[in-house]
Amino acid sequence: MARLAVADGTTHMACTPHIVPGMYLNETENITRSVRSLERALQRANIPLALFVGADVHIAPDLPELLALGKVPTLNRSRYFLFEPPHHVLPPRLEELAVRLMSAGFVPILTHPERMTWARTNYDVIERLNTAGCMIQVTADSIIGAFGRTALYYSEKLIDEGRVDIIASDTHGAVRRRPGLSQAVAAAVKRCGEDEVYNMVVKRPGDILANRPLEPVGKTAVPKTSARQSARFSSLGRWLKGGSA
């Protein structure tokens with residue numbers, strides 16, 4: 001997976017295994033230990049990929065406390081963390097939990113809302129979470145249609161509305177859900193332009209890992225109706241090779 005990511009132009013990657021109560025009982029300690037072990041293996045193999053500790057954190061009532069205690073990792077020990085609701089059921093008081101997390105000093109990054117089946121009937125919840133201060137991350141494969149027509153539709157809708165902060169590989173294996181951003185980058189550039197896609201895959205991820213203060217781009221989103229027609233760029237390699245995350 002690391003070789004595939006590097007070959008596609010990625011230089012930095014956050015390792016974000018799932019944390020799901022009762023299923024994936026990961027914590028900061030064991031994730032950090034595993035990432036450091038992988039770092040040593042990459043160094044021995046001369047694979048130039050910088051790794052950072054994180055987790056894809058499923059919602060739980062005590063999540064603010066677990067983050068404050070350091071038992072659940074943020075992204076590279078920053079204020080930012082990946083925040084994943086259930087895929088098929090909109091949980092009660094999700095917005096209340098997000099507000100509690102932000103009040104505690106953390107910034108939730110809502111992961112792949114375009115793939116949540118409840119988005120079809122509750123898209124307004126995604127809008128309100130974004131306006132309240134949650135950042136939005138979409139999956140690269142959604143943008144190229146690999147997760148089906150519905151995920152493609154909502155990924156394009158979120159991009160066109162100016163709500164997407166980050167495009168991430170969300171890679172899971174070397175065969176299925178392989179690492180790579182370049183195809184999604186090319187597709188996204190056609191919708192919102194090279195500069196904004198650079199922000200999505202290089203600048204904002206770098207700022208997050210450095211714990212720099214950021215506001216969600218969609219907090220005051222205005223639909224970008226003409227982005228698809230007006231943006232046409234091709235010079236991707238000069239910056240994709242230089243530091244996509």
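Being under 20 Å from the mean Cα position of the chain (by Cα), part of a helix (DSSP H, G or I) and in contact (Cβ under 8 Å) with a residue 12 or more places away in the chain is a property that Ile31 has. Within the set Met116, Met102, the sole residue that is over 25 Å from Phe52 (Cα atoms) and hydrophobic (A, V, I, L, M, F, W, C) turns out to be Met116. The set of residues from segment 1-28 being surrounded by 14 or more Cβ atoms within 10 Å (Cβ to Cβ), assigned to a helix (DSSP H, G or I) and not aliphatic (A, V, I, L, M) comprises just one member, Thr28.
One residue stands out among those in segment 5-28 that are free of Cβ contacts under 8 Å to residues at least 40 places away in the same chain and in contact with a helix residue (DSSP H, G or I) (Cβ under 7 Å, 6 or more places away or on another chain): the one that is farthest from Gln183 (Cα to Cα), which is Pro17. Which pairs turn up if I take residues in segment 113-132 that are within 21 Å of Gly148 (Cβ to Cβ) and without any contact (Cβ under 8 Å) to a residue 40 or more places away in the chain and look for partners that are assigned to a helix (DSSP H, G or I) and of a type in the set (Gly, Ala, Ser) with beta carbon separation below 7 Å, at least 6 apart in sequence or on another chain? Sorted first by the residue in segment 113-132, then by its partner, the pairs are Arg115/Ser142; Arg115/Ala151; Ile126/Ala119.
Residue count for segment 138-180 under the criterion of being under 22 Å from Pro108 (Cβ atoms) and among the hydrophobic types (A, V, I, L, M, F, W, C): the result is 11.
With respect to the numbered conditions (1) in contact with a Lys or Arg (Cβ under 7 Å, 6 or more places away or on another chain); (2) at negative phi, which one is the sole condition not fulfilled by Gly105? Condition (2) is where Gly105 drops out.
Residues that are charged (D, E, K, R) and under 18 Å from Gly162 (Cβ atoms) within segment 199-214 comprise Lys203, Arg204, Asp207, listed in sequence order. Contact map, segment 40-55: residues that are more than 16 Å from Thr10 (Cβ to Cβ) and touching a residue at least 12 places away in the same chain (Cβ under 8 Å) paired with residues that are hydroxyl-bearing (Ser, Thr, Tyr) and surrounded by 14 or more Cβ atoms within 10 Å (Cβ to Cβ), Cβ distance under 6 Å, separation 6+ or inter-chain. Pairs shown: Val53/Thr32; Ala55/Thr16. Residues in segment 29-77 that are of a type in the set (Lys, Arg), over 30 Å from Leu90 (Cβ atoms) and surrounded by 13 or more Cβ atoms within 10 Å (Cβ to Cβ): Arg77 only. Applying the criterion of being part of a loop (DSSP other than H, G, I, E, B) and within 24 Å of Glu161 (Cβ to Cβ) to the residues of segment 175-198, the residue that is farthest from the chain's Cα centre (by Cα) is Gly193. Tally up the residues in segment 161-181 that are at pLDDT 95 or above, farther than 18 Å from Asp56 by Cβ and of a type in the set (Gly, Ala, Ser), please. Looking only at that region, the number is 1. Exactly one residue out of Tyr123, Tyr80, Tyr154 is aromatic (Phe, Trp, Tyr) and surrounded by fewer than 18 Cβ atoms within 10 Å (Cβ to Cβ), and it is Tyr123. Considering Ala55, Ala2, the condition of being touching a Ser or Thr at 6+ places or on another chain (Cβ under 6 Å), at pLDDT 95 or above and closer than 22 Å to Leu181 by Cα is satisfied by Ala55 alone.
Name the one entry in Leu110, Leu97 that is modelled with pLDDT of 95 or more, over 17 Å from Ile167 (Cβ atoms) and crowded, with 17+ Cβ neighbours inside 10 Å. The conditions single out Leu97. When residues in segment 34-73 are screened for being of a type in the set (D, E, K, R) and assigned to a strand (DSSP E or B), 1 of them pass.
The values are calculated or read from the model by the stated rules, or taken from the named source; none is laboratory data. Since this is a predicted model, take the numbers as computed values, not measurements. Backbone-built Cβ (ideal geometry, glycine too); neighbour counts: all protein chains shown.
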